[in-house]
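Everything below concerns the one structure shown next.
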Amino acid sequence: MNSIRSLRFLCSLALASVLVLGSAFAQSAPVTSKRVIYYYQTQYYQGKYVSLSKIWKQVSPKTHKPITTDVMVAAFHLGYDSNNQPYIHLNDNVPSDPMFTVMWRQVATLQKNGVNVRMMLGGAAQGSYANLFSNWNTFYPILRQTLRQYHLDGIDMDIEEQVALTDAQKLVHHLNKDFSKQFIMTMSPVAPDLSGYVGFSGFNYKDLYGSSEGKRINWFNGQFYCGWGTLATTTDYELIIKNGYPPEKIVGGMIGNPANCSGYVPIPTVAKTVKELVAMYPRFGGVADWEYFNTLPGGLANPVKWGAIMAKAMGN
């Protein structure tokens with residue numbers, strides 16, 4: 001009888017321990033927000049490699065980790081070469097090109113220091129998604145293998161061409177099946193596509209978000225630039241929240257230099273807007289910058305200065 005009671009006591013103790021550990025885990029892993037994100041498309045400028053080392057060297061005095069939370073390596077494209085052979089390119093070259101050797105080494109260092117590094121697929125150069133969905137059995141394995149080969153933490157789907165909702169769901173479904181729960185999936189629609197406009201990507205993002213596949217999207221990097229919205233005020237961001245998206249799911253994307261696209265807003269003005277948004281939405285999703293290499297106010301010499309300003313504005 002005593003042995004039975006002892007066994008019951010031990011089982012109860014083990015169950016209590018599991019519950020406590022489970023509770024602690026739930027408390028220690030809240031939905032991440034107030035992100036600081038750089039898009040990294042210009043790997044070389046005037047023939048010189050644009051180093052990522054400043055990112056891991058810029059450490060928050062609060063967390064002792066890099067201020068930057070995420071880096072998007074851009075832009076990956078799927079297509080056919082002159083011999084009609086399928087390829088995946090990082091800009092104009094294969095990812096294995098020796099020109100990227102240092103970059104991949106630095107990507108690994110970023111990850112070692114806690115920065116998430118993802119592939120950005122698509123963008124302004126259209127055709128990647130048309131090729132992917134019309135030749136799925138050819139291109140999806142190439143995409144999947146590239147993500148695995150370079151140990152990327154996830155993917156940012158920048159769909160700037162006409163895509164069916166069912167195809168977008170298909171891509172999310174297969175990525176979810178083939179990668180772990182820690183694999184980060186984001187999308188980068190223009191801001192109006194999140195506030196109710198439908199057309200730029202060919203489908204309604206609200207329909208995607210409301211689907212089971214949409215729930216797997218970690219967050220959306222809204223493009224508030226190039227004529228598709230602005231962070232000069234809080235208005236365009238508020239419209240998205242009023243459309244039913246939680247603020248932790250919406251990142252405010254901006255232009256870091258007027259040379260990169262239209263719609264540049266001075267950094268002090270954006271910082272003011274960001275501060276106001278954090279006051280309105282404590283779980284504000286964060287900020288993203290297009291693009292790293294020449295971001296003001298530091299410019300070519302010190303692009304991470306932007307990240308420090310935005311982190312301060314968000315209270316990070």
Quiz item: Among (1) assigned to a helix (DSSP H, G or I); (2) surrounded by fewer than 21 Cβ atoms within 10 Å (Cβ to Cβ), where does N84 come up short?
Solution: (1)
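Per-residue answers, yes or no, for (1) outside any loop (DSSP other than H, G, I, E, B); (2) outside the structural domain of Y39 (by TED's automatic domain parsing); (3) of a type outside the set (A, V, I, L, M):
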| site | (1), (2), (3) |
| --- | --- |
| G227 | no, no, yes |
| Y237 | yes, no, yes |
| G253 | yes, no, yes |
| V270 | yes, no, no |
| L277 | yes, no, no |
| A288 | yes, no, no |
| W306 | yes, no, yes |
Practice problem: Please state which one of V278, V274, V251 is surrounded by 15 or more Cβ atoms within 10 Å (Cβ to Cβ), within 20 Å of D156 (Cα to Cα) and touching a residue at least 40 places away in the same chain (Cβ under 8 Å). | Solution: V251
Practice problem: May I ask you to list the residues in the stretch 50-74 that are among the β-branched types (V, I, T) and either in a loop (DSSP other than H, G, I, E, B) or over 25 Å from N91 (Cβ atoms) (or both)? | Solution: V50, V59, T63, I67, T68, T69
Self-check item: Enumeration of residues in the stretch 281-316 that are buried (at least 24 other Cβ atoms within 10 Å of the Cβ) and over 21 Å from A232 (Cβ atoms)
Solution: Y292, P303
Quiz prompt | Of residues in the stretch 88-133 being among the basic types (K, R) and either surrounded by fewer than 21 Cβ atoms within 10 Å (Cβ to Cβ) or without any contact (Cβ under 8 Å) to a residue 24 or more places away in the chain (or both), the one nearest to Q145 (Cα to Cα) | solution = R105
Quiz item: Somewhere in the stretch 106-124, is a residue under 25 Å from L231 (Cβ atoms), among the basic types (K, R), in the same structural domain as V251 (by TED's automatic domain parsing) and outside any helix (DSSP H, G or I)?
Solution: yes
Quiz item: Conditions: (1) without any contact (Cβ under 8 Å) to a residue 40 or more places away in the chain; (2) in contact with a Lys or Arg (Cβ under 7 Å, 6 or more places away or on another chain); (3) of a type in the set (A, V, I, L, M, F, W, C). W136 meets all but one. Number of the miss?
Solution: (2)
Quiz item: Would you say F200 is part of a strand (DSSP E or B) and of a type in the set (F, W, Y)?
Solution: no
Practice problem: Only residues that are assigned to a loop (DSSP other than H, G, I, E, B) and of a type in the set (D, E): list them for the stretch 148-193, please. | Solution: D153, E160, E161
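The values are calculated or read from the model by the stated rules, or taken from the named source; none is laboratory data. Computed from a prediction, not measured in an experiment: that's the story for all the values here. Here the Cβ is made from the backbone with ideal geometry for all residues, glycine too, and neighbour counts use every protein chain on show.
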